[in-house]
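A short worksheet on the structure shown next.
The values are calculated or read from the model by the stated rules, or taken from the named source; none is laboratory data. These numbers were taken from a predicted model, which means no experiment stands behind them. Counting neighbours? That spans all protein chains shown, and the Cβs are built from the backbone with ideal geometry, glycine included.
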Amino acid sequence: MYKASEEKEFYKDSKHFLNNQPIASSYDRLIEILTYHEWRYAVKNDPVISDFEYDKLFDALKEIENNNPLLIRPDSPTQRIASDLNPDFPSVKHLTSMLSLGNSYNAEDLIDFDKSIKKLIKEEKDIIYNVEPKFDGGSIALVYENDFLIKAATRGNGVEGEDITPNAKSLKSVPLKAAFSKYGITKAELRGEAIIPLKIFKKVNKERETEGLKIFANPRNAATGGLRTKDANETSNRGIEIFMFQLSYAEDNDGNNVLSSFINHSDHLELLSDIGFKVPIDGQLVANNIDEVVKFVSKFESKRDSLDYEIDGMVVKVNDLKVQDRVGSTQHHPRWAIAYKFKAKQATTTLLDVEYQIGKVGSVTPVAKVEPVFLAGVTISSISLHNEDFIKQKDLRIGDKVLVERAGDVIPYIVKSLADLRTGDEKRIQFPKYCPRDHGDKSKLIQYADEAAWRCPICQFGRDNIQKIIFHVSKAAMDIDGFGKSNVERFYELGWVNDISDIYNLDYEKIMALDGFGEKSALKIQAAVEKAKSNSLQKFLSSLSIHHLGKKASKLIAQEINHVYDLQSWTIEDFTNIKDIGPVVAENVKAWFEFPGNLEMLQRLEERGVNLKQTEEDIPKQIREDAPLSGKSILFTGSLQNLNRKEAQEIAEMNGAKNISGVSKKLDILVVGEKAGSKLTKAQALGTVKIMTEQEFIDLLKLDV
Ligand code: IVH
């Protein structure tokens, strides 16, 4: 979406702006900058600035707009009503909008907030507040009907979210049944936050590292991403827990709203806790007035690091539900609640040295070795410096005192060097000209025009790149079960694997004889390697560690070719003619195929039985010519007797149909099971929908059930 050079400029300008240095045409630029950071945060799940910094930029934009309302552009982030919804998940409308919170940063802000409420209700008496932690994770909404969990959704754009019911059901902190009926509630919607305890987060990242998968930048990204995986097992494996903090909708048997038949927000929390939900306990307090709130939030801030999960502040809510109703909400946030944001976590330490690590695609990453410093619960001794430009921009020198921050993030970064404290003995950092792995004079580092990273051409294209082999066997690539990083490293040391083709040429007799191996474990690896040989072409392409060629682009390319070798003659245009493939991917793949060593490796792979041809799995389902439901939209309703719903939808899709979620003119086929209700009536009324029974569906596709 963005060029690396643009990203660099956005980052630079953000920091300029935050440091009060002027940037050109601030209003337009601010919109571009914020739009970029929103994309990094919400689409890429990989923010480059802290929430605190984002808020500051956002507030600056809002201020410009408040002063010049005629200036407001419709694409300003302040005007955002819709956000990026992932089309892979069906969308679901929330029963009540999921608003966000206004922010406060100090005691004065909180006192102003208190005053504004008193003014709105025209009363002077003390307001009672419920204070609770502001969890730093991903929002989730749950709907229960007749005590059963029927729906779970992400926040999405606040009005509609993504239906993640199967994923939520995999989480043990989400009760599948909860006794709302005990309180006369038939239908309820509640809100909460998905978080990952720090201990578990570290474990998950360690495992991912072993498997050669990309590690998560912080628990929040791992949690929000985890809610939206396509595999509910993956959601549950990430150790996600859900804290519920709001009962947002409650209806009795007659359809009456009974939310405010309770007196206080804290009663809602007690109710939720009573029927099995995890609610905030540490850091929850009913405060009798704003002064108590101010004291409590600052006291709790010092306890922040002793918690086993990340919080980025506290939420202060008017406790009395009637008062909440009276003050109401703006379009964006309730007037009865405010977030109190904690300060970023910072410490100073000394920069001792810089080491250089070589990544999967040959990029050389500088890593600062610092005097170990205890910061927000962990001791930090290594900090990534990203690339040479980062070092230059920050003018970092060996021996410098540096300011280190962990702003809600687990990964620390160097904010700046404290130049005033320099003694004159500091040394400038010399970025290496040659690869730190000594390949002789061939290893001069190169830099692509639009990239900040320096790369070693041998590590990038050559035969000795162990990281590529680790990636190749990992779950994210060829998924060779039980192989893993440690075996790759071991076989590499032994000289048994030099590139990925050697994975398919191992001598299992020799492996059996290794320390720590037995017949069983060696045969297990052998079976997994054999299995991987028939992987789809898209999997194979994405396992090659070609720079920028990820799963999606591999899939698109695999649809277009019969054999990997076809790509040898492809031009840049052949690639970019495919929708969603850009010139960067095109150039990288083309360059890869121009390197003779790679073609030789492909030949060895083929000789060793690895599939390099298009498979059934690579052919897009909807264009398979013989598909009986080709091009049709389909919907299943009622309870099916022979197939489960998900199975039926998958079968329909495999036969060319597109599953849609509602009855409209766009619907071609409605398959009705028992007790079909309003969907059937609606389809009959439309008259354009073909209605078939489950048996007719089974017969049509000649299914064997
Ligand atoms: S109350 C209408 N309480 O913060 C009230 N939100 O900026 C809306 N959050 O998306 C939220 N902890 O996911 C509330 N104790 C808490 C919270 C909390 C975390 C998140 C929430 C929301 C965001 C609001």
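Of all residues in the range 169-192, exactly one satisfies the criterion of being within 18 Å of the chain's Cα centre (by Cα) and modelled with pLDDT of 90 or more, namely GLY192.
Conditions tested, residue by residue: (1) in contact with a helix residue (DSSP H, G or I) (Cβ under 6 Å, 6 or more places away or on another chain); (2) surrounded by fewer than 16 Cβ atoms within 10 Å (Cβ to Cβ).
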residue	(1), (2)
SER261	no, yes
VAL279	yes, no
GLN284	no, no
ASN288	no, yes
LYS303	no, yes
SER306	no, yes
GLU310	yes, no
TRP336	yes, no
LYS341	no, no
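The residues listed here are SER639, SER633, SER554; of these, the one that is of a type in the set (Ser, Thr, Tyr), in contact with a Lys or Arg (Cβ under 9 Å, 6 or more places away or on another chain), touching a residue at least 12 places away in the same chain (Cβ under 8 Å) and farther than 30 Å from ALA676 by Cα is SER554. Scanning the range 127-168 for residues that are part of a helix (DSSP H, G or I) and either closer than 27 Å to GLY283 by Cα or within 12 Å of the ligand (Cβ to nearest atom) (or both) yields a count of 1. In the range 671-691, the residue that is nearest to LEU635 (Cα to Cα) out of those that are of a type in the set (D, E, K, R) and outside any helix (DSSP H, G or I) is LYS690.
Whether any residue in the range 251-265 is modelled with pLDDT of 90 or more and within 12 Å of the ligand (Cβ to nearest atom) is what I want to check. Yes, there is a match, as at least one residue in the range 251-265 is modelled with pLDDT of 90 or more and within 12 Å of the ligand (Cβ to nearest atom). Contact map, the range 97-115: residues that are among the small types (Gly, Ala, Ser) paired with residues that are more than 12 Å from the ligand (Cβ to nearest atom), Cβ distance under 7 Å, separation 6+ or inter-chain. Pairs shown: SER97/VAL159; SER104/LEU110; SER104/PHE113; ALA107/VAL294.
Going through (1) out of contact with any Pro (no Cβ under 8 Å at 6 or more places or on another chain); (2) on the phi < 0 side of the Ramachandran plot; (3) not basic (Lys, Arg) one by one, GLY255 falls short only on (2). Restricted to the range 483-501, and to residues that are modelled with pLDDT of 90 or more and in contact with a Lys or Arg (Cβ under 8 Å, 6 or more places away or on another chain), which residue is surrounded by the most Cβ atoms within 10 Å (Cβ to Cβ)? Per the criteria, the residue is ILE500. In the set (1) over 23 Å from LEU99 (Cα atoms); (2) within 16 Å of the ligand (Cβ to nearest atom), the condition left unmet by ASP231 is number (2).
Any idea which residue in the range 580-597 is modelled with the lowest pLDDT, counting only those that are in a helix (DSSP H, G or I) and of a type in the set (Asp, Glu)? Among those that are in a helix (DSSP H, G or I) and of a type in the set (Asp, Glu), it is GLU594. Among residues of the range 324-335 that are within 15 Å of LYS118 (Cα to Cα) and free of Cβ contacts under 8 Å to residues at least 40 places away in the same chain, those with a beta-carbon under 7 Å from a residue that is within 11 Å of the ligand (Cβ to nearest atom) and in a loop (DSSP other than H, G, I, E, B) at least six positions away or on a different chain give the pairs GLY328/ARG335. Counting the residues of the range 91-126 that are part of a loop (DSSP other than H, G, I, E, B) and either surrounded by fewer than 21 Cβ atoms within 10 Å (Cβ to Cβ) or more than 15 Å from the ligand (Cβ to nearest atom) (or both) gives 13.
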